[in-house]
1. In square angstrom, what is the accessible area per residue of the chain with a 1.4 angstrom probe?
2. Keeping the other protein chains in place, figure out the carbon and sulfur percent of the accessible area of the chain, with a 1.4 Å probe.
3. Roughly speaking, what is the stretch gain from Ala59 to Ser29, that is 0.36 nm per residue apart minus the C-alpha to C-alpha distance, in nm to one decimal?
4. Using θ = phi - 60° and the Karplus relation 6.51 cos²θ - 1.76 cosθ + 1.60, list the HN-Hα couplings for the range 16-22 in order, rounded to whole Hz, with x at every Gly or Pro.
5. With all protein chains present and a 1.4 Å probe, how do Val13, Val52, Val60, Val47 order by accessible area, largest first?
6. Under a plain spin-label model, where a point goes 7 Å from the Cα along Cα-to-Cβ, how far apart in nm are Asp16 and Val47?
7. Can you tally the net charge around Lys56? Count Lys and Arg as +1, Asp and Glu as -1, for every other residue whose Cβ sits under 14 Å from the Cβ of Lys56.
Amino acid sequence: SNETDRRRFGVKVQLDLFNAIDQKIGGGSDYQATIEPHADWKFNALVVSSKVVTAKVAAVEESP
């Protein structure tokens, strides 16, 4: 969610992907060019391994 009163540009979310015994087995990401003020972003990150059980947000970055 963009909880601010300004538009956000070049937002990227990075995920760490974990297996059933909580070992990191990969990562995923998604990118949004702009997020309007007070808007939600429902991101989609491609997961290709059937062994992934959980995902944790590793980073959220905005382009300068």
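1. Solvent-accessible surface per residue comes out at 74 Å².
2. 50 percent
3. Contour length minus the Cα-Cα distance gives 9.9 nm.
4. 9, 10, 10, 8, 5, 9, 6
5. From most accessible down to least: Val60, Val47, Val52, Val13.
6. About 1.6 nm separates the two model spin labels.
7. In short, -1.
The values are calculated or read from the model by the stated rules, or taken from the named source; none is laboratory data. In this text the structure is predicted, and so the values were computed from the model without any measurement. All Cβ positions, even for glycine, are placed from backbone atoms using ideal geometry, and neighbour counts span all protein chains on display. These accessible areas exclude ligands, DNA and RNA; they are computed on the full protein's heavy atoms, side chains included. Shrake-Rupley method; radii C 1.70, N 1.55, O 1.52, S 1.80 Å.
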